[in-house]
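Structure record follows, encoded as structure tokens.
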Amino acid sequence: MLNRLLHSNYFRAFMIFFLFLVTILSSVAQIRKQLNFNQDWFFKLDSTQSYLNDSLFSKWRRLDLPHDWSIEMNFDNHSPASSGGGYLSGGIGWYKKEFTLPDKDKGQLVFVEFEGVYEQSEVWINGHSVGKRPNGFIGFSYDLTDYMLWEGKKNVITVKVDNSKQPNTRFYSGSGIYRPVQLVIRNPISVGYHGTFVKSLHVDSQKADVQLQVTVDNKYRKIENIQIRSSVFSPQGVQVLSFKQGLKLLGNENSLFSKEITLDHPKLWDMDTPQQYKFVVEILKGDQVLDRHETKFGLRSFIFDKDQGFMINGRHLKIRGVCMHSDLGALGMAFNKSAALRQLKIMKDMGVNGIRTSHNPASEQFLDLCDSLGFIVMNETFDVWKFKKNPYDYHLYWDNWFRRDFEDHIKRDRNHPSLFIWCLGNEAQEQWHSKADGMRIPKILASLVDSLDGTRPTTIANNEMSKNNPVLMSEAIDLVGYNYNHQKWSTFHEDHPGKKLIVTESTSALASRGQYDLLSVDSMSIWPERWDIPFNGGNTDKNISAYDHVHAPWGSNHQTSLRVFEQNDFISGMFVWTGFDYLGEPTPYLWPARSSYFGIVDLAGYPKDVYYLYQSVWSDKTVLHILPHWNWKQNDHVDVVVYFNQADRVDLYLNNRKIGEQFKSVDRYDAVFKGIPFEPGELKAISYLHGKEVKTCTVVTAKPAYKIKLTLEQNNLKLDENELAFAQATVVDQEGNLVPMATNEVEFSILGRDGEIVATDNGSTTDHTSFQSTKRRTFNGKSLAIVKGSKKGICRLIAKSKGLVSDQVEINFR
Ligand code: GAL
């Protein structure tokens, strides 16, 4: 009977199922945990004493990360952060968090991983220091294992953040633990920190040769023999490859596993098909899965050619890029995925396909977004090398830290398919002040890229173009990077025979959204006149006209640099300074201006007029845009500019009378109708191609302000720490037309407790109202509220303004 049972099919099936269960359960027990560690921190801002041993921290302010305390400060003319830092101060902040871990994790390694803490951080676990990191832009991981308390005992992690020595950057840096944190619990034998690399060796449409690299940590003292199971999944989730291989790990060492594989007919990553593969590595010991780790990667081929510029997957493509600082406007540096996604989508709609992460490592999730949206990223690590730009900047740490910081940056980012270029520095002072370092540093940095990556070119953003620039002389880098100097782009090959050009930074034109001085469009203002002479000119209200006729002396207006770039195929890419306005660096002004004028889009995310200029040249969209607004005084003579594409002619009508026509010229992207005598009513542009109407656009004279109109940019949001709703408030007249110069104070509120207004903004560079205020004046007719949901369901946002009809919108959080 027993014999019969043992040989029955039922019994066999049961045993297979049982073994399967055991395998699953044993693996589940061991596999790494990556825990979101952002919730329930306690925070205290105080530079006067140490709080390392303060156990009464539950009385401190409770908050969730990411957090930037500087954005909560008042704008202060006397702030040591000065204009560069947007007059928002730093100080010393302390963060603490209590946590327990289940006893079943005892024997595992426990790491805390910070993505970015600005700056000079030190971390303690239960009173033991586990490390310091001066650089505020690079992530780090600390091993907490030896100091962990188990059996339900509470562990306390303490982080000191010292951003008291200012200025330490040329732009707003924020202060605090401003990027996400996670707790990683993994086996003593497991994949190391940033320990995988899928290195493309050769990619074409037929096959991709890639090398899989895995760094395996062995925290045991003895030799361990393990098996590595590598599996690759296609973008559609189909397993296309899987194999096992043994690896001998030395005691207390990291060992590198590496294997070359070939993938046939690869699905290529491209701008319109940003598809990614997945590499899954499992570490096995006998039947036990000790670790499982996933890495996304993308396959694409690309070259930079001295004559043809950039080619991706065999196709010529100009990299039409923008520089982006890491701040998210009213949210400061506190990273939020939906805010970053919003920025990138606005850029993509404009026709942008390239992003330069000026001048520091971006957040990891920002790069994930670039991967999945299909951007070409120029990844930058340093604004400063050994020679200072500010008294307390990175030059203080360069000697001791640059290698470690740069290596960590390369290892963190090298799997991102959107990453195409390493930019090793920006306008380094070594260009002028140290021939030896100017030649030596690029070589060291480039050799680190070669050894840790080896699949992407390097560049450096230079603003000194003479042959005596040691950085250029070093010959260490692959692409010659020009900041500005558009007059020298066309003749680049005369100065650098055989070399490849990328415009790492261009333009630096200045404008305030919706602001127009009645000067001729062709009257170009250069503000400041020279970089080294204080600027006393400009407008008394510190606004700048948006006709694309004001720029910094080192750059040009938008049209000029854009034209040179577009007319020269060999220029592989150009990154306009900047896609968005950013906090700090209010060139050409100082206080009360506190944020930049360089953006194609303002700080609140509202496009300035030149957005449509780029869109007309860089995107497939049919564009017809008129500027300025049409609310002027009788007898004013107004230049009217039209940005248009896919057409060869534009006709202009005023109150249904044709008042002019312009043909597309090879020298200009716009059509200009000079000195139109103002009369109230409707200004209408119609574009034509070969006599056939393409598009119509009108601007009307707005009547008095009547109502605040609320519009949600997107709805039906996930209730999640990363999801924010962006609600636009516009002052309109009775017919719904934007009142272009309206400065009405809007009071935002949420009905009940269904949500929270986390910030407001209006894109003005001089508004000193706190970004957390729920009251915000409109700037040129617009303001913005940023809302976070508190529970699932409908959250009602209300906007009121004295003397105007109110409005409300329903935000659905699911
Ligand atoms: C560049 C610099 C940028 C920014 C810009 C403003 O020279 O690289 O960081 O300062 O000027 O025009």
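The values are calculated or read from the model by the stated rules, or taken from the named source; none is laboratory data. Not measured: the values here are computed from a predicted model. Here Cβ is always computed from backbone atoms with ideal geometry, including for glycine, and neighbour counts include all displayed protein chains. For accessibility, only protein heavy atoms count, side chains too; no ligands or nucleic acids. Shrake-Rupley method; radii C 1.70, N 1.55, O 1.52, S 1.80 Å.
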(message) Here is a list: Thr730, Thr769, Thr760, Thr765. Which entry is part of a loop (DSSP other than H, G, I, E, B), open to solvent by less than 40 Å² (accessible area, probe 1.4 Å) and among the polar types (S, T, N, Q)?
(response) Thr765
(request) Answer yes or no as to whether Asp495 is without any contact (Cβ under 8 Å) to a residue 60 or more places away in the chain, more than 14 Å from the ligand (Cβ to nearest atom), more than 22 Å from the chain's Cα centre (by Cα) and open to solvent by less than 30 Å² (accessible area, probe 1.4 Å). (result) no
(request) Kindly list the number of the only condition in (1) surrounded by fewer than 17 Cβ atoms within 10 Å (Cβ to Cβ); (2) at pLDDT 95 or above; (3) not polar (S, T, N, Q) that fails for Glu151. (result) (2)
(message) For the stretch 601-609, check the following and say yes or no: at least one residue is in a loop (DSSP other than H, G, I, E, B), among the charged types (D, E, K, R), closer than 25 Å to Pro528 by Cβ and within 15 Å of the ligand (Cβ to nearest atom).
(response) no
(request) Test Leu373 against the stated conditions and say whether it is more than 25 Å from Met271 (Cα to Cα), of a type outside the set (Ser, Thr, Tyr), out of contact with any Cys (no Cβ under 6 Å at 6 or more places or on another chain) and at pLDDT 95 or above. (result) no
(request) Being within 23 Å of the chain's Cα centre (by Cα) and farther than 25 Å from Phe598 by Cβ narrows it down to one of Leu724, Leu717, so name that one. (result) Leu717
(request) Report, by residue number, each residue of the stretch 501-540 that is open to solvent by 20 Å² or more (accessible area, probe 1.4 Å), of a type in the set (Val, Ile, Thr), modelled with pLDDT of 95 or more and within 16 Å of the ligand (Cβ to nearest atom). (result) Ile526
(message) Pull out all pairs, ordered by first then second residue, where Cβ-Cβ is under 6 Å, the residues are six or more apart or on different chains, the first lies in the stretch 577-599 and is closer than 11 Å to Tyr172 by Cα, and the second is among the acidic types (Asp, Glu) and assigned to a loop (DSSP other than H, G, I, E, B).
(response) Tyr582/Asp327; Leu583/Asp327; Ser595/Asp581; Ser596/Asp581; Ser596/Glu585
(request) Return the only residue of Ser451, Ser466 being open to solvent by 40 Å² or more (accessible area, probe 1.4 Å) and within 17 Å of His409 (Cα to Cα). (result) Ser451
(message) List pairs: first residue in the stretch 457-470 and of a type in the set (D, E, K, R), second residue away from the ligand (no atom under 12 Å from the Cβ) anywhere in the structure, Cβ distance under 9 angstrom, at least six positions apart or on different chains.
(response) Glu464/Trp432; Glu464/Val471; Glu464/Leu472; Lys467/Met473; Lys467/Asp495
(message) I'd like the residue in the stretch 610-639 that is part of a helix (DSSP H, G or I) and not polar (S, T, N, Q) and, out of all such residues, is surrounded by the fewest Cβ atoms within 10 Å (Cβ to Cβ).
(response) Trp618
(request) Could you identify the single residue in Ile185, Ile261, Ile189 that is open to solvent by less than 70 Å² (accessible area, probe 1.4 Å), touching a helix residue (DSSP H, G or I) at 6+ places or on another chain (Cβ under 6 Å) and of a type in the set (A, V, I, L, M, F, W, C)? (result) Ile185
(request) Go through (1) surrounded by fewer than 18 Cβ atoms within 10 Å (Cβ to Cβ); (2) over 25 Å from the mean Cα position of the chain (by Cα); (3) touching a residue at least 12 places away in the same chain (Cβ under 8 Å) and name the single condition Thr158 misses. (result) (1)
(request) Return only the number of the condition from (1) part of a strand (DSSP E or B); (2) over 38 Å from the mean Cα position of the chain (by Cα); (3) surrounded by fewer than 16 Cβ atoms within 10 Å (Cβ to Cβ) that Asn254 does not satisfy. (result) (2)
(request) Might you check whether a residue that is among the aliphatic types (A, V, I, L, M) and part of a loop (DSSP other than H, G, I, E, B) occurs anywhere in the stretch 273-296? (result) no
(message) Looking at Ala742, Ala705, Ala727 in this structure, which one is within 20 Å of Ile626 (Cα to Cα) and not β-branched (Val, Ile, Thr)?
(response) Ala742
(request) Scan Lys788, Lys802 and give me the residue that is part of a strand (DSSP E or B), among the charged types (D, E, K, R) and either closer than 23 Å to Tyr589 by Cα or touching a strand residue (DSSP E or B) at 6+ places or on another chain (Cβ under 9 Å) (or both). (result) Lys788
(message) Among the residues that make up the stretch 560-580, is at least one of them open to solvent by 30 Å² or more (accessible area, probe 1.4 Å), under 19 Å from Gln515 (Cβ atoms) and at pLDDT 95 or above?
(response) no
(message) I'm checking my understanding of the structure. Among residues of the stretch 550-600 that are of a type in the set (Phe, Trp, Tyr) and within 11 Å of the ligand (Cβ to nearest atom), which one is farthest from Leu328 (Cα to Cα)?
(response) Trp554
(request) Within the stretch 283-290, identify whether any single residue is more than 16 Å from the ligand (Cβ to nearest atom) and under 28 Å from Glu566 (Cβ atoms), and answer yes or no. (result) no
(request) Give just the number: which of (1) in contact with a Lys or Arg (Cβ under 8 Å, 6 or more places away or on another chain); (2) of a type in the set (Val, Ile, Thr); (3) open to solvent by 50 Å² or more (accessible area, probe 1.4 Å) does Ile794 not satisfy? (result) (1)
(message) Considering only residues that are open to solvent by 70 Å² or more (accessible area, probe 1.4 Å) and farther than 15 Å from Ile757 by Cβ, which ones fall in the stretch 797-809?
(response) Lys802, Gly803
(message) buried (at least 17 other Cβ atoms within 10 Å of the Cβ), within 15 Å of the ligand (Cβ to nearest atom) and either not basic (Lys, Arg) or not in a loop (DSSP other than H, G, I, E, B) (or both): is that true of Ile544 in this structure?
(response) yes
(request) Kindly check whether there is at least one residue in the stretch 309-323 that is within 16 Å of the ligand (Cβ to nearest atom), within 28 Å of Asn715 (Cα to Cα) and out of contact with any Cys (no Cβ under 9 Å at 6 or more places or on another chain). (result) yes
